[in-house]
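One structure below.
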Amino acid sequence: MNPDSLYESLSAIDKADLTFWQDAFMKFYRAWFAEDRWISYFQGLATTLRVTVVALAIGIVLGVLVAMVRTAHDQQRPGTRNYLLSLVNTICRIYVTIIRGTPMMVQLMIWGFVIFASSRNLTMVGALGLGVNSGAYVAEIIRGGLMSLDPGQMEAGRSLGLNYLTTMRFIVIPQAFKAILPSLGNEFIVLLKDTSLISVIAGKEIVYFARTIGSRTYEYMFPFFITAIMYLALVMVFSYLQSILERRLRQSDRR
C-alpha cells in the first residue's frame, strides 16, 4: 500500500482509535508527503549548501588576510617596527576579539535588522554574517599553523630573494595547510550547522521551511526531526570526505 492510500484509510479512523505507530505515520505524512512538502526541505537543503559555500569563501579570504597580517607583525625582527603594520594588526585583533566574544545569533541580528534592515535578500545577508564570523576563527586557526612552523622557513625564502607574499604562498602556507586541515574541516562542519541560525532573520534554509511546515500542520516534531536527519547526513558525508583527504595527505608524507 502506498503512503497516499494508507493515509486516506487512516484518516477515516477516529484519532482516538489510532495506534501510536499509525498516529506517528499520519504526522510524518503531513510533514513530508502532503502537498509535496518534501520539495521544500530540499529547497532549504540547496540554500543551506549555497550559504555554507559563500560563508566559507568569505571566511577563508578574511581568515587568510588577518592571519598573514598578524603573523607578519609577530615575526618582525627585534628592533624593527612597521607602524602601518602595527595599526592594521590592531584592527585585526579588535575584529577577532569582537567576533569571538559575541554570540553569532546576536551578530546575525545586527546584520539583518540593523545594518541591512532594508535588504530583501536576508539569506545572503545571513551568509555574509556567517562568513565574517567564520573569518575570525579561521584567522586564528591559520595563524596558529603558521606560527608553529620553524621561522627558518621564512628566512630561507627571503634569503633566496623571494618577497614576503611569495614566500608565504609557495613555502610556508603549503606546509602549514597539512597541520591546520583537521581544524579547518571542523570549522567547515560547524559553519554548516550554524547556517540554521539564519532562520532568526528569515533566511530561507532548512529550518525556515521546517518551521513553516510545522506552523501549517500544528505539529513540529517531525519537521524538526527530518531537519536534524538532513543535517546529520550532511555532516557525516563531509566528515568522511575530510578523513579521506587527511589520509591521502599522510600517505604523501610517507613517500
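The values are calculated or read from the model by the stated rules, or taken from the named source; none is laboratory data. Remember, predicted model here, so these are calculated numbers, not experimental data. Cβ coordinates were reconstructed from backbone atoms using ideal geometry, including for glycine residues, and neighbour counts include every protein chain displayed.
When MET154 is tested against (1) surrounded by fewer than 19 Cβ atoms within 10 Å (Cβ to Cβ); (2) among the hydrophobic types (A, V, I, L, M, F, W, C); (3) at pLDDT below 90, just one condition goes unmet, and that condition is (1).
Can you tell me how many residues within the range 19-45 are among the β-branched types (Val, Ile, Thr) and at pLDDT below 90?
Within the range 19-45, the first condition is being among the β-branched types (Val, Ile, Thr), and the residues that meet it are 19, 39.
Next cut, at pLDDT below 90 only: 19.
Residues flagged as among the β-branched types (Val, Ile, Thr) and at pLDDT below 90 within the range 19-45 amount to 1.
When the residues of the range 36-82 are filtered to those that are of a type in the set (Lys, Arg) and within 30 Å of SER148 (Cα to Cα), the one that is surrounded by the most Cβ atoms within 10 Å (Cβ to Cβ) is ARG70. If you go through the range 209-255 and keep only what is of a type in the set (Phe, Trp, Tyr), under 17 Å from the mean Cα position of the chain (by Cα) and surrounded by 14 or more Cβ atoms within 10 Å (Cβ to Cβ), you end up with TYR231, PHE238.
Among residues of the range 10-35 that are in contact (Cβ under 8 Å) with a residue 60 or more places away in the chain and surrounded by 11 or more Cβ atoms within 10 Å (Cβ to Cβ), those with a Cβ under 9 angstrom from a residue that is of a type in the set (Ser, Thr, Tyr) and assigned to a helix (DSSP H, G or I), sequence gap 6+ or separate chain, pair up as LYS27/THR217; ARG30/TYR7; ARG30/THR217; ALA31/THR217; TRP32/TYR41; ALA34/TYR7; ALA34/THR217. THR97 meets all of the listed conditions (1) touching a residue at least 40 places away in the same chain (Cβ under 8 Å); (2) over 23 Å from VAL235 (Cα atoms) but one, namely (1). Only residues that are within 22 Å of the chain's Cα centre (by Cα) and small (Gly, Ala, Ser) were counted across the range 66-108, and they come to 2.
For (1) closer than 14 Å to VAL200 by Cα; (2) basic (Lys, Arg); (3) surrounded by 12 or more Cβ atoms within 10 Å (Cβ to Cβ), each residue gets a yes or a no:
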| site | (1), (2), (3) |
| --- | --- |
| ARG93 | no, yes, yes |
| SER118 | no, no, no |
| GLY135 | no, no, yes |
| GLY144 | no, no, yes |
